[in-house]
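Everything below concerns the one structure shown next.
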Amino acid sequence: MDKLDIEVLSGKLDAELIKKDFPVLSNSVNNAPLVYLDSGASAQMPQSVIDRINHYHQYEHANIHRGVYELSEQATISYESVRSTVARFLNVTDTAEVIFTKGTTHAINLVAHAFGRTFVRAGDEIVISHMEHHSNIVPWQQLCEEVGATLKIIPISDIGELDLEEYRRLLSDRTKIVAVTHVSNVLGTINPIKEMVALAHAKDIPVLVDGAQGAPHMKVDLQELDCDFYIFSGHKVCGPTGIGILYGKRDWLERMNPYEGGGDMILSVTFEKTTYAEIPAKFEAGTPPIASAIGLGEAIKYLESIGLENIENHEKVLTQYATEALSDISGLTVYGTAPQKAGVISFGVKGVHPHDMGTLLSDDGVAVRAGHHCAQPVMQRYKVPATTRASFYLYNTLDDIDKLVDSVRSAKKIFS
Ligand code: 7TS
């Protein structure tokens, strides 16, 4: 794939121009321009998001849902309007189905507690996959230990696809929920969520989708996917940390008990009895991260202004270009080569520890992640202790990839 082909293919998105929207990306690291290839961990924020958060702090800050004074009413309107922005982003119509959380991890714990403690009993089963992030494993494991349920695991193939035949077999009368990632943060595999949801729904089993690596990188249409819960984090969609989204179908959310108790989630409290607020308030106890929610709204508007389809297409091109260039390096193995793949490349180079690789790349200004990526079962599946991972986003250019590849080559020379 040469550069000209690629420019034609990624046509609708000018990454060089987009890069200028992100102040961090004009910085240098170790006297080299920063090449940021760790958006899978946290994406950078554009100036518009930073400005929106600053404006809130400077002119609009007040607690929400309680003041009768102007400032608090305005802050409430700004916060609540983000619910509509998120609903549009996910193509859902009922804004009460959009719950603000602290992030993906918090949202999955919320469902594991609130759904789990309401619907899961001894002898029941929960189906997850072998490619989950720890945050979509541990909360379910804790639930299973507490109530006496069992975790069932969908296996993955050598190229990093879920085994759908085995998935079908795992779905039974005992299955109470399926919890699966939209996109693997290590392998990049995009899972066939629509099909998996249909198979589960045929047996009346609800499905939770961990969208931490999905929502940032492609158009998510929840009316089409039809999953019961969809979750993502603000900091991976060019928003701030401390905020995330739980979408849940009204029917489930209304039947689930609250996860946390406190202010804002009640209708009335006496020492004898508390009655709970309607959704979404029932799941938003305490003062929320107001500024972060408002920043998330701005981040979504930014991504929408570029176009999620354009972002997805751009990342596909970057991934193909990077895979071809990296694969030319002898002794380099890419983990995860499924045809349906997002902008994540995990790799290992014979004779170079992934952490050493990460450190040497950093010396050249190239920021990648090295380690188990909070997905140790994936490492166990491929029998490696760790990998080096480059992950791409809308602001990455072909030059970024060239620098990555050059830097990997130099690192390899040091060890040969
Ligand atoms: N699920 C997936 C698929 C993820 O990739 C991550 C974070 C999480 C859940 C947790 O999200 P959080 O916002 O609650 O932390 N993944 C990564 C990563 O790949 N590198 O750093 C964080």
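If I model a spin label at H353 and S26 as a point 7 Å from the Cα along the Cα→Cβ vector, what separation in nanometres do I get?
3.9
Just how far, in whole angstrom, is the stretch 232-311 from the stretch 44-73 if you go by their alpha carbon centroids?
17
Leaving ligands, DNA and RNA out of it, work out the accessible area of F415 with a 1.4 Å probe and give it in Å² to the nearest 10.
The value for F415 is about 90 Å².
Restricting things to alpha carbons, find the Rg to Rh ratio for the chain using the Kirkwood radius for Rh.
Here Rg/Rh amounts to 0.98.
Please find, in a Gaussian network model of the chain (springs between Cα atoms separated by less than 10 Å), the residue of H182, H133, H57 whose mean-square fluctuation is greatest.
Highest fluctuation among the options: H57.
Under a plain spin-label model, where a point goes 7 Å from the Cα along Cα-to-Cβ, how far apart in nm are V384 and L17?
3.7
Under a plain spin-label model, where a point goes 7 Å from the Cα along Cα-to-Cβ, how far apart in nm are E166 and I266?
4.8
For the chain, what's the relative contact order in percent, using C-alpha pairs closer than 8 Å and at least 6 residues apart?
Over the chain, the number comes to 23 percent.
Given q = 0.12, 0.14, 0.18 Å⁻¹, what are the Debye log10 I(q)/I(0) values for the stretch 285-415, with equal point scatterers placed on the Cα positions and solvent ignored?
Normalising to I(0) and taking log10 leaves -0.55, -0.71, -1.01.
On a 20 Å Cα-Cα criterion, which of the cross-link pairs K219/K316; K194/K249; K20/K301; K316/K350; K152/K176; K176/K219 come out too long?
Violating the 20 Å limit, Cα to Cα: K316/K350; K176/K219.
Report, in order of residue number, the helices in the chain meeting two criteria: a C-alpha extent of 27 Å or more along the helix axis, and a mean Kyte-Doolittle hydropathy of at least -0.5; treat each whole DSSP H run as one helix.
Answer set is 70-90.
If you split all Cα-Cα distances of the stretch 117-242 into 10 Å bins from zero, what percentages do you get per bin, shortest first?
In order of increasing distance, the bins hold 13, 45, 34, 8, 0 percent.
For the charge dipole of the stretch 57-210, defined by +1 on Lys and Arg C-beta atoms and -1 on Asp and Glu C-beta atoms about the Cα centroid, which residue among L187, L162, T76 has the Cα displaced farthest towards the positive pole?
Result: T76, furthest along the dipole toward the positive end.
Determine the per residue accessible area of the stretch 50-305 with all protein chains present and a 1.4 angstrom probe, expressed in square angstrom.
40
To the nearest 0.05, what FRET efficiency results for R88 and T118 with a Förster distance of 45 Å applied to their C-beta separation?
The calculated FRET efficiency here is 0.95.
Where the Cα atoms of the stretch 185-241 are projected onto their three principal axes, how long is each span, largest first, in whole Å?
38, 21, 16
If the elastic network links every pair of Cα atoms under 10 Å, which of I128, I77, I243 fluctuates the most in the Gaussian network model of the chain?
I77
Round to the nearest 0.05 the FRET efficiency obtained for I159 and H134 when R0 = 22 Å and r is the Cβ-Cβ distance.
0.45
Please report, in debye to the nearest 20, how large the charge dipole of the stretch 316-374 is about its Cα centre when each Lys and Arg carries +1 at its beta carbon and each Asp and Glu carries -1 there.
Dipole magnitude for the stretch 316-374 comes out near 280 debye.
Might you report the magnitude of the Cβ-based charge dipole of the chain about its Cα centre, with Lys and Arg at +1 and Asp and Glu at -1, to the nearest 20 debye?
With Lys and Arg at +1 and Asp and Glu at -1, about 760 debye.
When Lys and Arg each count +1 and Asp and Glu each count -1, what net charge do the other residues less than 12 Å away from A277, Cβ to Cβ, add up to?
Local net charge: -3.
Take the chain, connect every pair of alpha-carbon atoms lying under 10 Å apart with a spring to form a Gaussian network, then pick out the residue of K219, K350, K282 with the largest mean-square fluctuation.
Fluctuation is largest for K350.
Whole angstrom only: what separates the Cα centroid of the stretch 359-382 from the Cα centroid of the stretch 398-416?
Rounded to whole Å, the Cα centres lie 15 Å apart.
Over the alpha carbons of the stretch 1-142, what is the largest minus smallest coordinate on each principal axis, giving the biggest first in Å?
Principal-axis extents of the stretch 1-142 (Cα, largest first): 58, 51, 35 Å.
Where both residues lie in the stretch 50-305, what percent of DSSP beta bridges are antiparallel, nearest 5?
DSSP beta bridges in the stretch 50-305 are roughly 45 percent antiparallel.
Set Lys and Arg Cβ to +1 and Asp and Glu Cβ to -1, take the dipole of the stretch 266-416 about its Cα centre, and tell me which of A375, I266, V408 lies farthest positive.
Farthest along the dipole direction, towards plus: A375.
The values are calculated or read from the model by the stated rules, or taken from the named source; none is laboratory data. Note that the coordinates shown come from a computational prediction; the quantities given were computed from them, not determined experimentally. Virtual Cβ from ideal backbone geometry, glycine too; neighbours counted across all protein chains shown. The accessibility values were calculated without ligands, DNA or RNA, using every heavy atom of the protein model including side chains. Shrake-Rupley method; radii C 1.70, N 1.55, O 1.52, S 1.80 Å.
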